[in-house]
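A quick write-up on the structure given underneath.
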């Protein structure tokens, strides 16, 4: 089965050995939700601007989850601010993508019984496969290499969610940060908006928690 952009962002946002999250739950939700919208953008279904998300095509996406997200977008008679969609999709986005990765054989669900509950963790089946998106994007940032559109978006969303703090190598961090800024600046306008709005949504959420 295919591995989509949101799948790779999910893997970047989780430990490749244990499957434990690298982000607070709300930040992870916003980030994965943004990645799902980015999938629809790359497939030509939507565009994004200051007013929110606009459906350009009702063509059926190749994946059931993407189809579900598109149905949500098309089901609204009026446009909603992008941050509203990030909040709405972010409620279930992490588990939705984890389930998609489980169906693809990338993750497996491990359930541990506790006294009053069952702990559910999605654990990578193969560590190297789970680690690859994180290693690939980090390496290209550190080496200041060109990126394809998918990796540009992944780098932008990693920045928006705070994941690049651990992706940038200490011995080349300043140069890597400069390259990251160029990568984000080189994104198409809809994806720059998505990255910026995701960062703001997470900052506001963190301020609310504080």
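The values are calculated or read from the model by the stated rules, or taken from the named source; none is laboratory data. Nothing here was measured: the structure is a model prediction, and the numbers come from that model. Note: ideal-geometry Cβ built from the backbone for every residue, glycine included; neighbour counts use all protein chains shown.
Inside region 85-120, can you point out the residues that are more than 16 Å from the chain's Cα centre (by Cα) and not in a loop (DSSP other than H, G, I, E, B)?
Hits for region 85-120 are 102, 103, 107, 108, 109, 110, 111, 112, 113, 118, 119, 120.
Among the residues of region 110-128, what is the count of those that are at pLDDT below 95 and under 25 Å from residue 39 (Cβ atoms)? Steps first, please.
The initial filter retains those residues of region 110-128 that are at pLDDT below 95, namely 110-121.
Subset that is under 25 Å from residue 39 (Cβ atoms): 120-121.
So the answer is 2.
What pairs can you find where one residue is in region 49-69 and without any contact (Cβ under 8 Å) to a residue 40 or more places away in the chain and on the phi > 0 side of the Ramachandran plot, the other is outside any loop (DSSP other than H, G, I, E, B) and surrounded by 12 or more Cβ atoms within 10 Å (Cβ to Cβ), and their Cβ atoms are less than 6 Å apart, with a gap of 6+ or different chains?
From region 49-69, the pairs are 52/82.
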